[in-house]
Amino acid sequence: RKVHVKVNPDADISLLAEDAAHRVISLISRYPDVLATAINTLEPCSIVQYLFKLSHAISSAWDSLKVLDQPEELAEARLLMYWSARVVLGNALTLLGLEPLERM
């Protein structure tokens, strides 16, 4: 909200070299597999466990991977990562019948 950078789907995510960013991106990429597992096993708890892991990874990354006051290309890449995580979290919560919060 305070950042004057817009989400750019063409951002250069290769700039995200930090371990914390790799953890978040890796978890985001697992979302389709988590959904498939939940559907095949009829166990939505796998989605809940996934959400805990993703939330923890985002929280850890948030402390070290700032967007504000960063070079524009790096800020765009980090913002795209956080935006993607937000979309995944929102979709998964909605699937579980929960309404995602916009702000705490």
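Residues that are assigned to a helix (DSSP H, G or I), out of contact with any Ser or Thr (no Cβ under 9 Å at 6 or more places or on another chain) and within 24 Å of E99 (Cα to Cα) are absent from region 8-26. For residues that are in contact with a Ser or Thr (Cβ under 9 Å, 6 or more places away or on another chain) and surrounded by fewer than 17 Cβ atoms within 10 Å (Cβ to Cβ), tally how many sit in region 36-65. Summing the residues that are in contact with a Ser or Thr (Cβ under 9 Å, 6 or more places away or on another chain) and surrounded by fewer than 17 Cβ atoms within 10 Å (Cβ to Cβ) in region 36-65 gives 2. Can you pull out the helices (runs of 4 or more DSSP H) entirely within region 29-104 that have at least 3 residues that are closer than 26 Å to A17 by Cα and either of a type in the set (S, T, Y) or touching a helix residue (DSSP H, G or I) at 6+ places or on another chain (Cβ under 8 Å) (or both)? In region 29-104, the matching helices (runs of 4 or more DSSP H) lie at 45-64, 72-95. When V67, V34, V24, V88 are checked against the criterion of being β-branched (V, I, T), modelled with pLDDT of 95 or more and over 11 Å from the mean Cα position of the chain (by Cα), a single residue qualifies: V34.
Each residue in region 51-78 was checked for being under 14 Å from S14 (Cα atoms) and free of Cβ contacts under 8 Å to residues at least 60 places away in the same chain, and 1 pass.
Here's a check for you: in region 66-99, which residue that is within 21 Å of I39 (Cα to Cα) and of a type outside the set (A, V, I, L, M) is surrounded by the most Cβ atoms within 10 Å (Cβ to Cβ)? This residue is G90.
The values are calculated or read from the model by the stated rules, or taken from the named source; none is laboratory data. Keep in mind that what you see is a predicted model, and the values were worked out from it rather than measured. Here Cβ is always computed from backbone atoms with ideal geometry, including for glycine, and neighbour counts include all displayed protein chains.
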